[in-house]
1. Looking at the range 203-234 only, could you name the residues that are at pLDDT below 95 and either part of a strand (DSSP E or B) or not assigned by TED's automatic domain parsing to the domain that holds residue 133 (or both)?
2. Name the single residue, out of those in the range 90-116 being at pLDDT 95 or above and assigned to a loop (DSSP other than H, G, I, E, B), that is surrounded by the fewest Cβ atoms within 10 Å (Cβ to Cβ).
3. Being farther than 24 Å from residue 266 by Cα and at pLDDT 95 or above is the filter here, so list the residues in the range 117-136 that pass it.
4. For the range 2-13, state whether one or more residues are in contact with a strand residue (DSSP E or B) (Cβ under 7 Å, 6 or more places away or on another chain), within 20 Å of residue 269 (Cα to Cα), buried (at least 18 other Cβ atoms within 10 Å of the Cβ) and at pLDDT 95 or above.
5. Could you pull out the residue among 250, 265 that is assigned to a loop (DSSP other than H, G, I, E, B) and either buried (at least 20 other Cβ atoms within 10 Å of the Cβ) or in contact with a helix residue (DSSP H, G or I) (Cβ under 8 Å, 6 or more places away or on another chain) (or both)?
6. Do you know which residues across the range 121-135 are surrounded by fewer than 20 Cβ atoms within 10 Å (Cβ to Cβ) and either assigned by TED's automatic domain parsing to the domain that holds residue 12 or part of a loop (DSSP other than H, G, I, E, B) (or both)?
7. Need the failing condition index for residue 237 against (1) at pLDDT 90 or above; (2) within 16 Å of the chain's Cα centre (by Cα), just the number.
C-alpha cells in the first residue's frame, strides 16, 4: 500500500498547516485490513500527519494489526557527496543543516536528513526535549550570535554546510565565484528564513535552517567529539531544488524491498520523531516563536550498523 496524499488542493488551518488527508487515507486502509482479516506492508510518503496525535495513532495501529510500515522523505536514502555516513557510535555534539523551501513541506526533508545521521550516534536515539522556531529578524539575530549558547548555532558548521552546497548563490553574480560574507546573506536569501533549534535528551544540539535563495539543495554538518574538522555532506538530488531527476529511485527501491520481504529498511520511529518535530516547530512559530517543550517526543530507538 502506497499512501501518498500530497497532490490536490486541501485547506489550511490557523497555524498554516495544509490538512493533508494521510490519516484519513490510512484509516480507510485499515478498515479494509480489519474487514478482510488480511494486511499488507504500508509506505507513507513524507511525514505521517500534520497532527501529532494522528501520527502516533498511525504507528500504534500498524503494530496492533501487525503489518510492516515505514515512512519519510527521499533524502535519507538519496546519493550523498561525499559518499559517507555518520560513523557508527560517534559522539555527536552539534549538528546544523542548511536547506530550501518553507515550513509544512520542506522542513520535514531537512529534519529527516539530519535524523538519519544523528540516530547512528553513541547510545542510539533518545528523543527531543524542546524546540524553538525562529523567523525573519530573530533568525538573523541568532545567526549573528555565533554560538548555540548565545541563541544561535556553531558558525563553523554553518560554513561547512555552505561549502558542501553545489548551488550556493555567489555574492558577486558577475564573476560567479565570490563566497558570500555575513553581510551578504540577507540580500541573497529570497524569502523569510526559518530556523528550528532543538535539543535531544542526551544533550545533542541541532539547528535546521531554511534559506531559500541562498542555496537550492540540502546539506548537513556535525561536530564530533575528538575530531578537529566538521563531518559534512550534501544530500544530492540531481540538478537542485525543483529539478530532481530520478531522486525517488532509491526510495522506490526500498519500498519494493519492504513489499517483497516484509521488512522496513529502517524504523518508522525515525519519521514519527521528525513528524513530531515538524508539528512542534510550526507550533512554536504560531505561538510567536516561543520555545515549546516536547515531552511527547521521548522516542527511543536503535538502528542497525
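1. Once the filter is applied, which keeps residues that are at pLDDT below 95 and either part of a strand (DSSP E or B) or not assigned by TED's automatic domain parsing to the domain that holds residue 133 (or both), the range 203-234 yields 212, 215.
2. Among those that are at pLDDT 95 or above and assigned to a loop (DSSP other than H, G, I, E, B), it is 91.
3. 130, 131, 132, 133, 134, 135
4. no
5. Of the residues listed, the single one that is assigned to a loop (DSSP other than H, G, I, E, B) and either buried (at least 20 other Cβ atoms within 10 Å of the Cβ) or in contact with a helix residue (DSSP H, G or I) (Cβ under 8 Å, 6 or more places away or on another chain) (or both) is 265.
6. Initial filter on the range 121-135 (surrounded by fewer than 20 Cβ atoms within 10 Å (Cβ to Cβ)): 122-124, 126-127, 129-130, 135.
Answer for the range 121-135, where residues must be surrounded by fewer than 20 Cβ atoms within 10 Å (Cβ to Cβ) and either assigned by TED's automatic domain parsing to the domain that holds residue 12 or part of a loop (DSSP other than H, G, I, E, B) (or both): 122, 123, 124, 126, 127.
7. Of everything listed in (1) at pLDDT 90 or above; (2) within 16 Å of the chain's Cα centre (by Cα), residue 237 misses just condition (1).
The values are calculated or read from the model by the stated rules, or taken from the named source; none is laboratory data. Since the model is a prediction, treat every value here as computed from it, not as a measurement. No Cβ is skipped: glycine too gets one built from the backbone with ideal geometry, and neighbour counts run over all protein chains shown.
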